Number of protein chains: 2
Amino acid sequence: MTLALLTADPLSSALGLLALLWLAAKVGGELAIRIKVPAVAGELAVGLAMAALHRQFISFPDVTVNVAADLLANLGIVVLMFAVGLESTVPQMLKSGAASLRVAFIGVAAPMALGLGGAALMLPKGTPFGVNLFIGACLCATSIGISAQVLREKCAANTPEGRIIVGAAVLDDILGLLVLVLVSALVRASGGGGLPWGSLARTLVLALGFLAAALTLGRWVTPRLFHLANRLRSEQVLLPMSLGFAFLLAYLGHLAGLASIVGAYAAGLILEPAHVRVLEERELHSLEDLVHPLVSVMAPLFFLLMGAKVDVSTLFQPKTLLFALLLAAVGVLGKWIAGYGGGKALRASVIGWGMVPRGEVGLIFVAAGAQLMLNGAPLLSAPVQAAIVGAILLTTLAGPIGLAWALRASPSREAVRGGHQGS
Amino acid sequence: MTLALLTADPLSSALGLLALLWLAAKVGGELAIRIKVPAVAGELAVGLAMAALHRQFISFPDVTVNVAADLLANLGIVVLMFAVGLESTVPQMLKSGAASLRVAFIGVAAPMALGLGGAALMLPKGTPFGVNLFIGACLCATSIGISAQVLREKCAANTPEGRIIVGAAVLDDILGLLVLVLVSALVRASGGGGLPWGSLARTLVLALGFLAAALTLGRWVTPRLFHLANRLRSEQVLLPMSLGFAFLLAYLGHLAGLASIVGAYAAGLILEPAHVRVLEERELHSLEDLVHPLVSVMAPLFFLLMGAKVDVSTLFQPKTLLFALLLAAVGVLGKWIAGYGGGKALRASVIGWGMVPRGEVGLIFVAAGAQLMLNGAPLLSAPVQAAIVGAILLTTLAGPIGLAWALRASPSREAVRGGHQGS
């Protein structure tokens, strides 16, 4: 008999499971806070524990397979990135553009090189170069959701460092895309054949084209769109319209090959307080006040389910664990070096730690690597996959802890101007 | 080629579709308001139009099959009923208990009797009594979501009439359950065999037992539970915990055989301002302020998808349409009579019109009737099914318009004390 929790009716199963997940997330978050660690780390750990419980006791609900929880979690991270985008404006973002670009480039190159070296060190001799390179590539893309949450918790989303972290994460999403196309092509081409420059160029043009269009055309259209919305006589227009706008850009971003969260972040950047002031006054609530409750119920589900993706039992075999620890260490080191790309006046450790968490993109790389074939075998073997996933998890646990520590160790005068939503 | 909107990735399809649905819902609501009809009616009509467009132009997205929209819609109605429950307390509810019970009983008996008569009049001679009885039964249960939304829009949820409407709707959900068990048994037993008194008694005991337990044990547990939550040091506790509580009761209510919305409404009733005051002060937002944005984005999806369930082309055949109109008329008349059960001091027309919308429960009856076999044929033929569904739709369109009219025609002094969320 599996899980008495789940009934034949999917809606009612979802209701029961969501109630359980919220309770678990809050308990995990509370325990984390009591040991002075960000709530996000506790939510990740609780997810990991729940997945382990399910593997041990089959009657414990499997939190990873529920469509409803998965959907709300993924929509939640889209809404979170929209909220983060709302806290900055396009000019602020462009001001830190050069610094973000430096951080993104170093933050992709350094972990890739270090990961490649680590893999060459640990894996048996004769392992193809493509394998080592692919392992390095899995460490390159930052998962911004976790750092975004910590930055909001600590009111640091709107500091120069906060903006550079988010900007660099958006850029390394694009770089990550290119790396995946390039490395996969290299592996496929190892039996002969040239590099697919055409497909590389297409990927780059689409992604940059989307961002450029959003930041120019979008900024022209948005005030006109919301000016139109101002003239509606309906009630409760602000949130559905704003969220619809964010989801539309997330959708278009996905069509351009980017992660949905990049589009949602762009929507938040474009949408400026002046555009929605009339609606905010009429509805007696600011847009941030309206978005905040959505984030508070949906984002914890994302972090919990992310933790639940890790299979502890595979990870806890000595050799795999050691490899995972090494990859995590070089992953942290690589991003920490990238922090110095931000510029002299800024806190390199805050930027570096903010870039540490890896996540969805890394997991997508692993999944792609498992499907690529090299000499008749999967490019990434099962233990190597487990080690990379373990390393990604370790960075997601270490990232928020390190970022919170870095923020405490060197408080910025700008922090007091930060967003108020984390309060 | 079907709908360019949908991509291979379910998340990004959901993002695109949700953006479209919010835009459509707001346009429909706006048009409705401009012709002085409640926004809900416009959202229903837009859903109907979108479904018709899909049937005409196959490349137009089919809004009824998207898992994400369906889930958010159904969670939305659960959250809406929780919000409605929050506006009242258990003692207020019990005060209007006797009146609610009278309204519920008349509101089930009158439409059933009138529907039975109407069916006997319209259907060919020799139609079995069971068919006519079942058609009458399809008209008995109120769908409270629509009236709840209108009551909130008009700040009338916390008037005596508002409380009686919601209370009677909860009770007629239970009566509806009993009627379905009873009528199905009668049809099955028409070939011999007695009535299943045991299963009837079990249904009644479970449903009433859940409500009794929620209103007694629940009221004892809730303050203690939230007192515990007060001691958490985490941020953003109030909404996830409250929503978790509502979803838990919705889940338990479903286990007891009730609609999920009944459990969520009970959770709202039980949860009193005093329980959450400490958390509200710490998080600088009232619980109603936090729940309100969720309702504003999710509830329109429910009304839109409800409209989309109707197939206009089947309905618009003359005979079917005539039968649907007759059933809708007797459906309105039956509930309008029930309004007089509320007591002399109250506005019978407000109560009656508030009970008019039929919905999910009626549709569930139709589905059950389509599966029941009588003399080797389905109990309800396809045209009869279309007519009943059409009648249900007509009541959902007529209900909010009638209720808004009744509220305007006889404003209550109590209205000014009503909830502020509709503002």
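The values are calculated or read from the model by the stated rules, or taken from the named source; none is laboratory data. In this text the structure is predicted, and so the values were computed from the model without any measurement. Cβ sites come from the backbone with ideal geometry, for glycine too, and all protein chains shown count toward neighbours.
What the table shows:
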| quantity | calculated |
| --- | --- |
| Filter pass, B:Pro91 being away from chain A (no Cβ under 11 Å), without any contact (Cβ under 8 Å) to a residue 60 or more places away in the chain, closer than 25 Å to B:Val262 by Cα and assigned to a helix (DSSP H, G or I) | yes |
| Exclusive hit being in the same structural domain as A:Ser260 (by TED's automatic domain parsing), part of a helix (DSSP H, G or I) and under 24 Å from the mean Cα position of the chain (by Cα), set A:Val40, A:Val46, A:Val79 | A:Val79 |
| Selection from segment B:326-360 of residues that are buried (at least 24 other Cβ atoms within 10 Å of the Cβ) and on the phi > 0 side of the Ramachandran plot | none |
| Any hit, segment B:3-10, residues being within 9 Å of chain A (Cβ to nearest Cβ) and hydroxyl-bearing (Ser, Thr, Tyr) | yes |
| Test for A:Ile351: is it out of contact with any Asp or Glu (no Cβ under 9 Å at 6 or more places or on another chain), more than 14 Å from every other protein chain (Cβ to nearest Cβ) and at pLDDT 85 or above | no |
| Residues located in segment A:340-390, provided they are under 22 Å from A:Leu315 (Cβ atoms) and of a type outside the set (A, V, I, L, M, F, W, C) | A:Pro357, A:Arg358, A:Gly359, A:Glu360, A:Gly362, A:Gly369, A:Gln371, A:Pro378, A:Ser381, A:Pro383, A:Gln385, A:Gly390 |
| Test: B:Val131 is more than 11 Å from the chain's Cα centre (by Cα), closer than 17 Å to B:Ala41 by Cβ and hydrophobic (A, V, I, L, M, F, W, C) | no |
| Only one of B:Ser96, B:Ser12 that is free of Cβ contacts under 8 Å to residues at least 24 places away in the same chain, polar (S, T, N, Q) and surrounded by 17 or more Cβ atoms within 10 Å (Cβ to Cβ) | B:Ser12 |
| Residue in segment B:79-93 that is surrounded by 24 or more Cβ atoms within 10 Å (Cβ to Cβ) and more than 22 Å from B:Ile144 (Cβ to Cβ) present | no |
| Residue list for segment B:173-196, restricted to those being hydrophobic (A, V, I, L, M, F, W, C), over 19 Å from the mean Cα position of the chain (by Cα) and at pLDDT 70 or above | B:Val181, B:Leu182, B:Val183, B:Ala185, B:Leu186, B:Val187 |
| Segment B:57-74 - residue that is within 11 Å of B:Met306 (Cα to Cα) and not polar (S, T, N, Q) and, of those, farthest from the other protein chains (Cβ to nearest Cβ) | B:Val63 |
| Members of segment A:223-250 that are over 16 Å from B:Gly29 (Cα atoms) and within 14 Å of chain B (Cβ to nearest Cβ) | A:Leu225, A:Phe226, A:Ser242, A:Leu243, A:Phe245, A:Ala246, A:Phe247, A:Leu248, A:Leu249, A:Ala250 |
| Tally, over segment A:263-288, of residues that are closer than 23 Å to A:Pro38 by Cβ and not hydroxyl-bearing (Ser, Thr, Tyr) | 3 |
| Count of segment A:298-312 residues which are surrounded by fewer than 24 Cβ atoms within 10 Å (Cβ to Cβ) and either touching a Phe, Trp or Tyr at 6+ places or on another chain (Cβ under 9 Å) or within 12 Å of chain B (Cβ to nearest Cβ) (or both) | 1 |
| Selection count, segment B:241-272, where residues are part of a helix (DSSP H, G or I) and among the acidic types (Asp, Glu) | 0 |
| Sole exception among (1) farther than 16 Å from B:Gly76 by Cβ; (2) in contact with a Ser or Thr (Cβ under 6 Å, 6 or more places away or on another chain) for B:Leu255, by number | (2) |
| Subset tally (residues that are within 30 Å of the chain's Cα centre (by Cα) and not in a helix (DSSP H, G or I)) for segment A:207-235 | 0 |
| Those residues of segment B:213-252 which are of a type in the set (Gly, Ala, Ser) and over 14 Å from B:Leu269 (Cα atoms), in sequence order | B:Ala229, B:Ser234, B:Gly244 |
| Pair list, Cβ < 9 Å and 6+ apart or interchain, from segment A:102-127 residues that are touching a residue at least 24 places away in the same chain (Cβ under 8 Å) and of a type in the set (Val, Ile, Thr) to residues that are assigned to a loop (DSSP other than H, G, I, E, B) and buried (at least 22 other Cβ atoms within 10 Å of the Cβ) | A:Val108/A:Cys140; A:Val108/A:Ala141 |
| Residue, farthest from A:Leu133 (Cα to Cα), within segment A:345-376, restricted to residues that are touching a helix residue (DSSP H, G or I) at 6+ places or on another chain (Cβ under 8 Å) and assigned to a strand (DSSP E or B) | A:Arg358 |
| Top-ranked residue of segment A:22-56 - restricted to ones that are surrounded by fewer than 18 Cβ atoms within 10 Å (Cβ to Cβ) and basic (Lys, Arg), ranked as farthest from the other protein chains (Cβ to nearest Cβ) | A:Arg55 |
| Any hit, segment B:353-360, residues being within 14 Å of B:Glu161 (Cα to Cα), of a type outside the set (Val, Ile, Thr) and touching a strand residue (DSSP E or B) at 6+ places or on another chain (Cβ under 7 Å) | yes |
| Every pair of residues 6+ apart whose Cβ atoms lie under 6 Å, when the first sits in segment A:154-177 and is among the basic types (Lys, Arg) while the second is assigned to a loop (DSSP other than H, G, I, E, B) | A:Arg163/A:Ser88; A:Arg163/A:Ser96 |
| Test: A:Leu232 is touching a Ser or Thr at 6+ places or on another chain (Cβ under 9 Å) and aliphatic (A, V, I, L, M) | no |
| Identity of the residue in segment A:301-323, under 20 Å from the mean Cα position of the chain (by Cα) and among the small types (Gly, Ala, Ser), that ends up nearest to A:Ala14 (Cα to Cα) | A:Ala308 |
| Criterion (more than 9 Å from chain A (Cβ to nearest Cβ), in contact (Cβ under 8 Å) with a residue 12 or more places away in the chain and under 19 Å from the mean Cα position of the chain (by Cα)) met by exactly one of B:Gly253, B:Gly268 | B:Gly268 |
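Listed here are the residues, each with its yes/no results for (1) closer than 30 Å to A:Gly130 by Cα; (2) among the β-branched types (Val, Ile, Thr); (3) surrounded by fewer than 23 Cβ atoms within 10 Å (Cβ to Cβ); (4) touching a strand residue (DSSP E or B) at 6+ places or on another chain (Cβ under 7 Å).
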{"position": "A:Gly145", "(1), (2), (3), (4)": "yes, no, no, no"}
{"position": "A:Arg152", "(1), (2), (3), (4)": "no, no, no, no"}
{"position": "A:Cys155", "(1), (2), (3), (4)": "no, no, yes, no"}
{"position": "A:Asn158", "(1), (2), (3), (4)": "no, no, yes, no"}
{"position": "A:Glu161", "(1), (2), (3), (4)": "no, no, no, no"}
{"position": "A:Leu182", "(1), (2), (3), (4)": "yes, no, yes, no"}
